[in-house]
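Below is one structure, written out as structure tokens; comments come after it.
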């Protein structure tokens, strides 16, 4: 461990835990993005407004379960976190929070979230949320992350679930359009994380995590970022092609997708690893903007004529 990292750990461990440490366990920024897609999934599922009890309690239950899964990730990765600069100040990695209180926190938030979904929403949403929780906390964090450079691709399905969870919370069933929202995030996940992995290559190598740039090199990874961005571009057009959304969404998807492709190609032909972080940042903007445009299209425009043509 570097002298800088050692100093950071000394400072961090010199203070006791606070409520902010428990909040940090939940990865609030990640959960906030998940809840944004969940809320929009709810709103896209109906022509009008979602009942407020479903909106509030459904997203609260999903958020609590997501926070539980994130806490498990902190617990499992505590030794890895100590080797990476961006994670070495996490509450468990520094020792500000012990394993027992963190484990109890994960258990309580998970149980509370599942209870809310089972009692106030519906069983389908609850069990899908549990599957997503286990997929991220157990399948990805415990096994895939350390086993294969395709960890992000295979494990991405767990992180892609929130819009479908929002959809099922309102409708009680998994509609085809709800699954399209999952497909978009599933295709978005590899170029999103691989761009960060290019920037953080040395840290992943030091932590012995087989991310694609570590196992196959940066050039190979950058090519795959471009390829998956092209896949994402095509997948993002499906909500228009199936009649789910109208021309406003189509324009937004093409524009945002073109921007993502610009960053991916620029990263491919540059040796400046900092472009990996810029591409990563754009990918977050892309996803947020794409889902917001979905919502605007849904409420501002009439149904897509293709909907009637396909008998949907």
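Quick one: which residue in 118, 107 is assigned by TED's automatic domain parsing to the domain that holds residue 41, surrounded by fewer than 16 Cβ atoms within 10 Å (Cβ to Cβ) and without any contact (Cβ under 8 Å) to a residue 40 or more places away in the chain? Before the answer, list the steps.
Details: 118 fails: surrounded by fewer than 16 Cβ atoms within 10 Å (Cβ to Cβ).
Testing whether each residue is assigned by TED's automatic domain parsing to the domain that holds residue 41, surrounded by fewer than 16 Cβ atoms within 10 Å (Cβ to Cβ) and without any contact (Cβ under 8 Å) to a residue 40 or more places away in the chain leaves just 107.
Going through (1) closer than 21 Å to residue 43 by Cα; (2) under 12 Å from the mean Cα position of the chain (by Cα); (3) modelled with pLDDT of 95 or more; (4) crowded, with 23+ Cβ neighbours inside 10 Å one by one, residue 159 falls short only on (3).
Residues to consider are 86, 96; find the one that is assigned by TED's automatic domain parsing to the domain that holds residue 57, exposed (fewer than 15 other Cβ atoms within 10 Å of the Cβ) and either at pLDDT 95 or above or not in a helix (DSSP H, G or I) (or both). Please lay out each step first, then the result.
Details: 96 fails: exposed (fewer than 15 other Cβ atoms within 10 Å of the Cβ).
Matching residue, one of 86, 96: 86.
Every residue, every condition in (1) assigned to a helix (DSSP H, G or I); (2) over 14 Å from the mean Cα position of the chain (by Cα); (3) modelled with pLDDT of 90 or more; (4) not assigned by TED's automatic domain parsing to the domain that holds residue 114, yes or no:
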| site | (1), (2), (3), (4) |
| --- | --- |
| 132 | yes, no, yes, no |
| 135 | yes, no, yes, no |
| 140 | yes, no, yes, no |
| 143 | yes, yes, no, no |
| 163 | yes, no, yes, no |
| 189 | yes, no, yes, yes |
| 196 | yes, no, yes, yes |
| 203 | yes, yes, yes, yes |
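Is one or more of the residues making up the range 235-252 out of contact with any strand residue (DSSP E or B) (no Cβ under 9 Å at 6 or more places or on another chain), closer than 21 Å to residue 84 by Cβ, at pLDDT 95 or above and buried (at least 20 other Cβ atoms within 10 Å of the Cβ)?
No - not one qualifying residue is present in the range 235-252.
Test of understanding: among 50, 31, 54, which residue is at pLDDT 95 or above, in a loop (DSSP other than H, G, I, E, B) and not assigned by TED's automatic domain parsing to the domain that holds residue 283? Full working, then the answer.
Numbers: 31 fails: in a loop (DSSP other than H, G, I, E, B); 54 fails: in a loop (DSSP other than H, G, I, E, B).
Among 50, 31, 54, only 50 is at pLDDT 95 or above, in a loop (DSSP other than H, G, I, E, B) and not assigned by TED's automatic domain parsing to the domain that holds residue 283.
In the condition set (1) free of Cβ contacts under 8 Å to residues at least 60 places away in the same chain; (2) within 30 Å of residue 143 (Cα to Cα); (3) surrounded by 15 or more Cβ atoms within 10 Å (Cβ to Cβ), residue 257 is compliant with all but (2). If only residues of the range 209-253 that are part of a loop (DSSP other than H, G, I, E, B) and without any contact (Cβ under 8 Å) to a residue 40 or more places away in the chain are counted, the one that is farthest from the chain's Cα centre (by Cα) is 217. When the range 291-312 is filtered for residues that are surrounded by 12 or more Cβ atoms within 10 Å (Cβ to Cβ) and modelled with pLDDT under 90, the ones remaining, listed by number, are 303, 304, 306, 307, 312. Being in contact (Cβ under 8 Å) with a residue 40 or more places away in the chain and over 25 Å from residue 31 (Cβ atoms), is that true of even one residue in the range 276-289? No, the range 276-289 contains no residue that is in contact (Cβ under 8 Å) with a residue 40 or more places away in the chain and over 25 Å from residue 31 (Cβ atoms).
The values are calculated or read from the model by the stated rules, or taken from the named source; none is laboratory data. All values reported here derive from a predicted model rather than from experimental measurement. In this analysis, Cβ positions are derived from the backbone assuming ideal geometry, glycine residues included, and neighbour counts consider all displayed protein chains.
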